[in-house]
Amino acid sequence: MKIKKLTQNQKTAIMSLVYPLFSLAIILALWAFTAWRTDSELIIPSVGRTFEEVWKLLSQQGGQPWIDIACTLLRAFRGFALSFAIALGLSLTAAFVKPLAKLLSPVISVMRSTPTMSVILLCLLWMHDNTQSAPVFVTVLIIFPLLYASFYSAITGVDRKLVEMAKVYKVPFLTRLTKLYIPSVMPTVFSSVRSTLSLTVKLTIAAEVLAQTKNSMGVNMQLANLYLDTPILIAWTLIAIILGAILELIVLGIEKLCMRWKNA
């Protein structure tokens, strides 16, 4: 009986699955060892107890934790969508209008250099009476400059020879945009979205903690901390990590589909 050899793509797919699982196993082993050595749930709860709390949260009657998760995700999506739209519009304009690029350059530098906690605290001070919108505003102020810098760099980094050739042959702007610029910047755009989407969730939760936002993951984390309930706190943290990973996988799947369409 002949054993069918694996193709290179199959080997790559298997290894791409093995390495993350191996890393996860190491993390869980270190966690279990640390919990065993400390022998205190107040400091580090066991792996089993933490996942038990995750299950209790997600299977709670009334589904309040699911409502809190959905509200946090909605705020994160709102903040990210606004950041993405503003960053894309301004970067496209700045790439073709150099005075605007020079005008925005110091503003973006200042926004990127400002400490994250300062941005959060100032936003909460300015919007103390609107705890629902404060996390969204915080997200926009922090994520927008990151996306703008990435998009602007990608657009201005398009091969100048191809751009000049398109101008010489008087290729219509719309054609240049769809056939030259978009395919060239697409990998950078998806890479930026992947890296900032999970960051957006973390920022939203951090702002919710300080703003005491109702129906949020952040306020649940703060309550767990207030009552010294470490298993619940880490359970909510795990949920946040899983959400970030799922969002990144979704973006990665969309990226692969777009790349197939591009190469078709």
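The values are calculated or read from the model by the stated rules, or taken from the named source; none is laboratory data. Not measured: the values here are computed from a predicted model. Because the Cβ atoms are built from the backbone with ideal geometry, glycine has one as well, and the counts that use them run over all protein chains shown.
Couple of notes before you dig in:
- Some residue of the stretch 18-39 being closer than 23 Å to Ser216 by Cβ, under 28 Å from the mean Cα position of the chain (by Cα) and either surrounded by 12 or more Cβ atoms within 10 Å (Cβ to Cβ) or without any contact (Cβ under 8 Å) to a residue 40 or more places away in the chain (or both): no
- Every test in (1) in contact (Cβ under 8 Å) with a residue 60 or more places away in the chain; (2) in contact with a Leu (Cβ under 8 Å, 6 or more places away or on another chain); (3) surrounded by fewer than 20 Cβ atoms within 10 Å (Cβ to Cβ); (4) among the aliphatic types (A, V, I, L, M) is passed by Ile232 save one, and that test is (3).
- Residue check for Thr196: closer than 23 Å to Leu121 by Cβ and part of a helix (DSSP H, G or I): yes
- In a residue-by-residue description of the stretch 3-13, the property of being basic (Lys, Arg), part of a helix (DSSP H, G or I) and either surrounded by 12 or more Cβ atoms within 10 Å (Cβ to Cβ) or modelled with pLDDT of 85 or more (or both) applies to no position.
- When Tyr148 is tested against the conditions (1) in contact with a helix residue (DSSP H, G or I) (Cβ under 9 Å, 6 or more places away or on another chain); (2) part of a helix (DSSP H, G or I); (3) free of Cβ contacts under 8 Å to residues at least 60 places away in the same chain, the lone failure is (3).
- Residue in the stretch 172-183 that is assigned to a helix (DSSP H, G or I), among the basic types (Lys, Arg), under 30 Å from Leu252 (Cβ atoms) and at pLDDT 85 or above present: no
- Test: residue in the stretch 49-56 that is part of a helix (DSSP H, G or I), farther than 18 Å from Ile241 by Cα, out of contact with any strand residue (DSSP E or B) (no Cβ under 9 Å at 6 or more places or on another chain) and among the β-branched types (Val, Ile, Thr): no
- For the stretch 62-69, the condition holds for at least one residue, the condition being that it is farther than 17 Å from Ala235 by Cα and either surrounded by fewer than 16 Cβ atoms within 10 Å (Cβ to Cβ) or modelled with pLDDT of 90 or more (or both).
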